[in-house]
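See structure below.
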Amino acid sequence: MTILLVLNAVLAAGGLCFAIVAALRPSALVTEDADGAGVHFYARMYAAKAVPLCVLAAVVPFLATGAVPGLCLLGAALSQVTDAAIGLGRRDLRQVVGGTVAAVVHTLLAVLIW
């Protein structure tokens, strides 16, 4: 269980890092034209939602068991499934694999601590 908790926290921290990079420099993650004001706006909107969710997913399972951390993790898993689906549409294998692995770990841990 400890290994899964740590793996979950590492994956959530990775998501946090990607969200911060997306907000600060979208062109680092987007292969298409990433210079417009709209791209920066949506990247910051993504980060505004992803950063708190990643922090919750990383920290809450260490502090509690039951419904609250389970729901936090399921929310994070759903977010990662959505990211993976977007990556699939863009044919970005890294995004698909990363989102899928994170979703599986978040879901597995949610089931175990609920």
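Each value in this text was obtained by applying a stated rule to the coordinates, not by laboratory testing. What you are looking at is a predicted structure, and each value in this text was computed from that prediction instead of being measured. Positions of Cβ are backbone-derived with ideal geometry, glycine not excepted, and every protein chain shown enters the neighbour counts.
See the values below:
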quantity	calculated
Virtual spin-label span in nm between ALA64 and VAL97, 7 Å along Cα→Cβ	3.6 nm
Label of the coordinate-derived value, percent of Cα pairs over 23 Å apart, listed as (1) 27; (2) 17; (3) 45	(1)
Separation of the PHE41 and CYS17 label points, Cα + 7 Å toward Cβ, nm	3.1 nm
